[in-house]
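Each remark here refers to the structure printed beneath this line.
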Amino acid sequence: MCTLTSKYNVAGPRYTSYPTVPYWQNETFSLNAWKETLYHSFKESNRKEGISLYIHLPFCESMCTFCGCNKRITKNHNVEIPYIEALIQEFKLYYELFKEAPIIKQLHLGGGTPTFFSPEHLSRLLNGIFSIAKKSANYEFSFEGHPNNTTTAHLKTLANHGFKRVCYGVQDYNLTVQRAINRVQPFKNVEKATLAARKLGYTSVGHDIIYGLPFQTEADVINTIEKTILLRPDRIAFYSYAHVPWIKGNGQRGFKDSDLPSAHQKNEQYKIGKQKLIEAGYVEIGMDHFALKTDSLYKAQKTEQIHRNFMGYNSSKTQVMVGLGVSSISDSWYSFAQNVKTIEAYYTKINSNTLPVYRGHILTEEDLVIRQHILNLMCKFETSWEHESQYFAELPDVLIKLKPLEEDKLIELNRKNIIVTDKGRAFVRNVCLPFDLRLQRKKPDTQLFSMTV
């Protein structure tokens, strides 16, 4: 496996979209084109399945140096109300475009730190959203919680609005590692937040664990997972630290590159972590995710309803996903659009009653076919071209590029389909790379993505 790790440890996307953001054709994109495709897609999907809504809450009181998210560090909580009012106004702009009430099937509060906001202000935000939107009959609402500041009041308030899923960022329990990433939180804080959510009726509590962090050892990963298993979260994201300081700036320069585990050490951390999770009754779901058989994510995998988008893995799919807030990305299935990345630019757009979109991509017919293949691989670990609609002109070239993975027994390559083997699941991003025609046609001059292993 060490040889395979060295061979396949290359820079590559995590494929929350195709095309990936660096390969969007921004020069052919316009706000009007985005609004048109979104409007027609919304009309197709709203009554049939509803839409998904992602709300980005960017504020944090301190900088976690492992984090690659768009955030604003501040202890000034006077920023809460102006930002919430801007979010509500942005949603009203979409309401005016749709000309009917959106039916929300999925809603996720991400960050940043959503629990930076007070329970009262989060309630104000949700009341504003649902004054002009409806809840689907089978809605699923979730949020990211910081174990250090998620209070019972937060949990109660969000539960009253229909939230039944929360995910807590754990990362690692070793104090040296926590100090290196500026995220010190003892096990008792995570335990308290987890038990409080369960007591209030949350049906899915998740924990995020990262391997490959600075100073982290295999023993640290084992210790973190053993402590995690004691709390029995319903789902676990166990993923590789993405070291991209050239993109994210000083936020990921709180330690030296030499403090990070090697690619081989990271792979050993992954293998032992995965083994312990499976021994504890967790089932591997897609890439980096594990769930108990009672969790909706496991059930979605069994029924092949699992979906992946900018919110990560989801237990169901909607054709339309609207992103509110700075840097949020929206998806009409036929196009993508991203909001401006600074709060100041965001307020300027909102105050002028303009959707705060600054770039995007209109998918071609080829993009749509490739997107589905990559989604199949990321969600089901297989894809096929049995039907003519699944075929594309460069498929023979893709299959040639996949031959080395077949020789290494990472995939089964058949006449009409590909199946990722158990051995190959850790390399699923590498399996997707040959399908990524936009990347293959224009290799980047500089490194854009984190390493795949």
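The values are calculated or read from the model by the stated rules, or taken from the named source; none is laboratory data. Only a predicted model underlies this, so the values are computations on that prediction, with no experimental measurement involved. Cβ: placed from backbone, ideal geometry, glycine included. Neighbour counts: every protein chain shown. All accessible areas refer to the heavy atoms of the entire protein, side chains included, with ligands and DNA or RNA removed. Shrake-Rupley method; radii C 1.70, N 1.55, O 1.52, S 1.80 Å.
Looking across segment 417-444, the residues that are over 14 Å from Gly12 (Cβ atoms) and at pLDDT below 95 come down to Asp422, Lys423, Gly424, Arg425, Arg441, Lys442.
For segment 9-34, a tally of residues being crowded, with 18+ Cβ neighbours inside 10 Å, more than 19 Å from the chain's Cα centre (by Cα) and in a helix (DSSP H, G or I) returns 1. Scanning segment 60-76 for residues that are under 17 Å from Leu109 (Cα atoms) and in a strand (DSSP E or B) turns up Cys60, Arg72.
Filtering segment 184-236 to residues that are open to solvent by 10 Å² or more (accessible area, probe 1.4 Å), farther than 17 Å from Lys164 by Cβ, of a type outside the set (Ser, Thr, Tyr) and within 20 Å of the chain's Cα centre (by Cα) leaves only Asp208.
For segment 99-117, filtering for residues that are out of contact with any strand residue (DSSP E or B) (no Cβ under 9 Å at 6 or more places or on another chain) and under 15 Å from Leu324 (Cα atoms) leaves 0. Suppose the filter is open to solvent by less than 10 Å² (accessible area, probe 1.4 Å), under 20 Å from Glu344 (Cβ atoms), of a type in the set (Val, Ile, Thr) and modelled with pLDDT of 95 or more; does Ile84 pass it? Yes.
Filtering segment 136-183 to residues that are β-branched (Val, Ile, Thr), surrounded by fewer than 18 Cβ atoms within 10 Å (Cβ to Cβ) and under 24 Å from Lys199 (Cβ atoms) leaves Thr151, Thr152. Where helices (runs of 4 or more DSSP H) fall entirely within segment 357-439, those with at least 2 residues that are open to solvent by less than 50 Å² (accessible area, probe 1.4 Å), over 30 Å from Phe238 (Cβ atoms) and of a type outside the set (Ser, Thr, Tyr) are at 365-380, 395-407. The set of residues from segment 346-384 being within 21 Å of Trp24 (Cα to Cα) and among the small types (Gly, Ala, Ser) comprises just one member, Gly360.
Just one of (1) part of a loop (DSSP other than H, G, I, E, B); (2) touching a His at 6+ places or on another chain (Cβ under 7 Å) fails for Arg183. It is (2).
From the list Ser136, Ser204, Ser131, Ser142, which residue is at pLDDT 95 or above, of a type in the set (Gly, Ala, Ser) and under 24 Å from Ala242 (Cβ atoms)? Ser142 is the lone residue from the list that is at pLDDT 95 or above, of a type in the set (Gly, Ala, Ser) and under 24 Å from Ala242 (Cβ atoms).
Residues in segment 297-332 that are open to solvent by 30 Å² or more (accessible area, probe 1.4 Å) and not charged (D, E, K, R) were compared, and the one that is modelled with the highest pLDDT is Tyr298.
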